[in-house]
Amino acid sequence: MRIAARRSARARTTPASICGSIPSSPPRSKPRYVRLSASPRPAYAAPPPLPPKNRVRRSTASVASVSLRDRAIRLLARREYARAELERRLVGKGGERSEVRAVLDALAAEGLLSDARYASALVTQKAGSHSRRSIVETLKAKGVAREDIDAALGKTELDDEAALSALWQRRFGAAPTDERDKARQVRFLQARGFELSAILKLLRGVEGRS
């Protein structure tokens, strides 16, 4: 306790001149930032323009003809077409009739389009499942000329009675169970072009054997 009292008394008796003689530390100066002036960028000359491409522009009619030809060839690659049928198809897709006919003339000259070949293919396809009359009517509706129809029919032997019997056997193979079933069979066979009298004759024979 005595030591603490002596220290406090000594502190009170310290002259103010001594405190004032102690030099104070100078204040810190803030760092100065020097703004550097941006050096001017060197000027670059713009690159010379590229030379224009030499593009060959085809006329609208030429482009349309090429498009029609490609479309016609794609259709013919799937199956045979009659000329009139293919013309209706291309005109229905927006082709000009005069341009379509010019394209079809070229395809016919190249042997890619043939009504005679189409008629032969259709007769071969429908023989045995359609009557002769039905096949002829289908070819006429497709716009095939009569001489091409006769030539195609002459290459394939068509027997309506044999075709009717074979078709009924493949489709049904059993006598009708009732009048409703009989009417259903008759409608189907008539839709293939067979005469009603021939159909009823066939069914009477089938019912007589059952």
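Computed quantities for the displayed model
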{"quantity": "Residue match in segment 48-71 (condition: within 30 Å of Leu153 (Cα to Cα), part of a helix (DSSP H, G or I), among the aliphatic types (A, V, I, L, M) and at pLDDT 55 or above)", "calculated": "no"}
{"quantity": "Test: residue in segment 117-137 that is outside the structural domain of Glu87 (by TED's automatic domain parsing), among the acidic types (Asp, Glu), without any contact (Cβ under 8 Å) to a residue 40 or more places away in the chain and not in a loop (DSSP other than H, G, I, E, B)", "calculated": "no"}
{"quantity": "Residue within segment 141-156 that is farther than 30 Å from Glu87 by Cβ and either exposed (fewer than 11 other Cβ atoms within 10 Å of the Cβ) or not assigned by TED's automatic domain parsing to the domain that holds Ser129 (or both) present", "calculated": "no"}
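The values are calculated or read from the model by the stated rules, or taken from the named source; none is laboratory data. Being a predicted model, the structure only gives us computed values, none of them experimental. As a convention, Cβ positions derive from the backbone with ideal geometry for all residues, glycine included, and neighbour counts pool all protein chains shown.
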